Amino acid sequence: MSSSPDPRTDGERLVATQRRAWISLVLTGLIIGTAFIAVYVGLQRSPEPSHLPIAVVGEQLATSAHTGFGEAVAVTQVASVDDGAALVRDGDAVAVLGATSPTTLTLDYAGASGFSESGTARQLVAGLAGRAGATVQENDIVPLASYDSRGLSAFYVVFGVTLSSFVLAQGLTAATAKVRLRLRLYAMGGFAVAIGVIAATVAGPIYGSLTAPFPLLALSLILLSAASAFTTKALGAWLGPAGIALAVLTLTTIGNATSGATIGVDLLPDWAQAISAKLPPGAAVRAVNNFGYFNGSHTLVPLTVLATWFLAGLGFVLLRQQTAQRRTLSGKAGR
């Protein structure tokens, strides 16, 4: 049974197509904007610590801290302040709590962990001391760079690299009919190197806001750009406009909001903690901060995450191209 012909004129069909196109764009923009506001503002409302890592000297103080802090703090008992300070300097603890007398506590903390995490540790210890009638002597043993007074430089650099890489990949996806795939891949790869070096130069040697060694800082940002661009390109190639929207939500919205650069990871809700280190922005923030402040410890995992996103994106782009070529050859053979 044949389908009935479309009674509309060519002009009416054109108008209907145009209407669907602009309605789709408007709805996509509203969804992205709403998600951006909801995620960023929602995470800022009332962050609560969950298993904030603090080293505590001695069994007695560790027991008191565990009882007083509850689930807000993950207490690690250490034998001395020096042992706890080593954990802080390697990024395994936000602070080390000790006691010089029954009425005096010492808190050596890492300001480089961010205002939210180090500030929370200081507030929790102040509350514990207040209940015991003790005073607290504080010392920032891993301070932020002098030109990064609020500890937000990593966020802005990572956000800027991610956004610019997304914009490039989005534009190249739209130019598929005009630019060959090989040139598009070269463009994204070359851009990743260029933006990584430029961002590292501006934030590092010029402004002195990020203290990671220049080659390692540049490497982290190059991998971030490649991960963002090639992931966006892959999603756009397979899913079209919906894939570009998904890239916005995943990378520039959720990825940056949960990166731990503005709100410490240990103050994020469980769902955000679960994905933070697995998305490119969160991995990049960890690499940049660990190289800069925490002796380069624990950097293999975030660099591996970035490389995996980049290689997976490249693989899916190439797979999409091969699939399209096979379909074209099959179509010609069937004629």
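The values are calculated or read from the model by the stated rules, or taken from the named source; none is laboratory data. What you are looking at is a predicted structure, and each value in this text was computed from that prediction instead of being measured. Every residue, glycine among them, receives a Cβ derived from its backbone with ideal geometry; neighbour counts consider all protein chains shown.
Quick look at the values:
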{"read-out": "Options Arg184, Arg150; residue that is out of contact with any Gly (no Cβ under 8 Å at 6 or more places or on another chain) and part of a loop (DSSP other than H, G, I, E, B)", "value": "Arg150"}
{"read-out": "Cβ-Cβ under 7 Å pairs, at least 6 apart or on other chains, the range 307-335 side within 26 Å of Ser220 (Cα to Cα) and in a helix (DSSP H, G or I), far side aromatic (Phe, Trp, Tyr) and at pLDDT 75 or above", "value": "Phe310/Phe230; Gly313/Phe230; Leu314/Phe230; Phe316/Trp238; Val317/Phe230"}
{"read-out": "Conditions (1) within 20 Å of the chain's Cα centre (by Cα); (2) at pLDDT 95 or above; number of the one not met by Phe115", "value": "(2)"}
{"read-out": "Hits in the range 250-296 (condition: touching a Ser or Thr at 6+ places or on another chain (Cβ under 8 Å), small (Gly, Ala, Ser) and in a helix (DSSP H, G or I))", "value": "Gly255, Ala272, Ser276, Gly282, Ala284, Ala287, Gly292"}
{"read-out": "Count of the range 153-175 residues which are touching a Gly at 6+ places or on another chain (Cβ under 9 Å) and over 30 Å from Ser116 (Cα atoms)", "value": "5"}
{"read-out": "Cross-chain or 6+ apart pairs with Cβ under 6 Å, the range 31-45 first and assigned by TED's automatic domain parsing to the domain that holds Leu251, then of a type in the set (A, V, I, L, M, F, W, C)", "value": "none"}
{"read-out": "Checking Ala287 against (1) at pLDDT below 95; (2) surrounded by 14 or more Cβ atoms within 10 Å (Cβ to Cβ), the condition it does not meet", "value": "(1)"}
{"read-out": "Residue list for the range 67-81, restricted to those being more than 16 Å from Gly91 (Cα to Cα), of a type in the set (Gly, Ala, Ser) and either within 28 Å of the chain's Cα centre (by Cα) or in a helix (DSSP H, G or I) (or both)", "value": "Gly68, Gly70, Ala72"}
{"read-out": "Condition met for Leu223 (of a type outside the set (Phe, Trp, Tyr), surrounded by fewer than 17 Cβ atoms within 10 Å (Cβ to Cβ), assigned to a helix (DSSP H, G or I) and in contact (Cβ under 8 Å) with a residue 40 or more places away in the chain)", "value": "no"}
{"read-out": "Val57, sole failed condition from (1) under 23 Å from Phe115 (Cα atoms); (2) surrounded by 10 or more Cβ atoms within 10 Å (Cβ to Cβ)", "value": "(1)"}
{"read-out": "Residue among Ile206, Ile222, Ile263, Ile254 that alone is modelled with pLDDT of 95 or more and within 24 Å of Gly33 (Cα to Cα)", "value": "Ile254"}
{"read-out": "The range 32-58, residues that are touching a helix residue (DSSP H, G or I) at 6+ places or on another chain (Cβ under 7 Å) and of a type in the set (Val, Ile, Thr)", "value": "Ile32, Val39, Ile54, Val56, Val57"}
{"read-out": "Residue, farthest from the chain's Cα centre (by Cα), within the range 118-147, restricted to residues that are β-branched (Val, Ile, Thr) and part of a loop (DSSP other than H, G, I, E, B)", "value": "Ile141"}
{"read-out": "Among residues of the range 297-306, those that are surrounded by fewer than 24 Cβ atoms within 10 Å (Cβ to Cβ) and either in a helix (DSSP H, G or I) or among the small types (Gly, Ala, Ser) (or both), counted", "value": "6"}
